[in-house]
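To start, the structure itself, in structure tokens.
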Amino acid sequence: MPHIRLAARAAVLLGVLSSGLPLATVQAGAAAPDFAPPVSVTTDASTYAYGAWAKVTVHVGADAAGAGDSATIVAESVNDLRPVVKTGVVDAKGDVVEYFRLWKDTTFQVTGWDKANGSRQVSRSVAVRAGLNERLGGYYRTTHVGRTMYRVFRAWSRPQLSVVVAPDDKSSQSVVFRVQEYVRGAWRTISTSVSLPLDGTGRAGVGLLLDNSQTGHLYRFDVRYGGDDENVATDGAWLYYTVRG
């Protein structure tokens, strides 16, 4: 049987159950512990395009509004020795909103401060796609099918597909080129390159072989970058082409 004993200052000490499980000790009349509300940080996306602006919102607390309370956001990009630091004062909602342009995967380290609870810290990480600058060279004119622009090649020409991947030196990485043809109302993959290494400038390329059998057909190509510790896997935009005799 547990026992209850009244002590000085009306402290209620709860003993131990016969099963051996301890009970809590509570100070009679004492207020509940005043836990500081956590600072929170959100972003308007979890993955961003290369060079996109991220909206970062830090919530310190609505009760702190107008009291000079603030938050500091440190944006730390992978392999970047110079983080971007911004500090703002809370608005009427208890928020601090800042914008950061992103080139690599980034972690936002946040310190929120208010006079009632002091400083509190939180962080959030986001992913960033690589920048793919695709080119399709060797065409002699362009045309449109619906709203889509097609580059037009002669059947005897040798188109060159190329891409430059940013940022920084991606020479240890690789890309894959893919060609699709529009057949019976759908795009179907007809060719995929081997994994091609990027050179020291982040560039890779491949040539296309055309002939008269492709005349009048509709094609498109894109590039896939596999990702690394700085940027997540990225698919390029489709570039469209057709062949004339």
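The values are calculated or read from the model by the stated rules, or taken from the named source; none is laboratory data. Since the structure is predicted, the reported quantities are computational estimates derived from the model, not experimental observations. So basically every Cβ, Gly included, is an ideal-geometry build from the backbone, and we count neighbours across all protein chains shown. Side chains included, ligands, DNA and RNA excluded: accessible areas come from the protein's heavy atoms. Shrake-Rupley method; radii C 1.70, N 1.55, O 1.52, S 1.80 Å.
From the set of residues in segment 78-94 that are touching a Ser or Thr at 6+ places or on another chain (Cβ under 9 Å) and open to solvent by 30 Å² or more (accessible area, probe 1.4 Å), which is farthest from residue 42 (Cα to Cα)?
The selected residue is 80.
Filter segment 95-115 for residues that are among the polar types (S, T, N, Q) and open to solvent by 20 Å² or more (accessible area, probe 1.4 Å) and give the result.
Hits for segment 95-115 are 107, 109, 111.
Please indicate, with yes or no, whether at least one residue in segment 195-206 is without any contact (Cβ under 8 Å) to a residue 60 or more places away in the chain and either over 27 Å from residue 128 (Cβ atoms) or in contact with an Asp or Glu (Cβ under 6 Å, 6 or more places away or on another chain) (or both).
Checked against the condition, which is being without any contact (Cβ under 8 Å) to a residue 60 or more places away in the chain and either over 27 Å from residue 128 (Cβ atoms) or in contact with an Asp or Glu (Cβ under 6 Å, 6 or more places away or on another chain) (or both), segment 195-206 yields no hits at all.
Residue by residue, here is whether (1) open to solvent by 40 Å² or more (accessible area, probe 1.4 Å); (2) touching a strand residue (DSSP E or B) at 6+ places or on another chain (Cβ under 8 Å); (3) at pLDDT 95 or above holds:
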| position | (1), (2), (3) |
| --- | --- |
| 208 | no, yes, no |
| 223 | no, yes, yes |
| 235 | yes, yes, yes |
| 239 | no, yes, yes |
| 244 | yes, yes, no |
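Would a scan of segment 148-163 turn up a residue that is more than 13 Å from residue 239 (Cα to Cα) and under 30 Å from the mean Cα position of the chain (by Cα)?
The answer is no; no qualifying residue exists.
Can you pull out the strands (runs of 3 or more DSSP E) entirely within segment 102-155 that have at least 2 residues that are without any contact (Cβ under 8 Å) to a residue 60 or more places away in the chain, out of contact with any Phe, Trp or Tyr (no Cβ under 8 Å at 6 or more places or on another chain) and more than 30 Å from residue 68 (Cα to Cα)?
Passing ranges, in order: 131-137.
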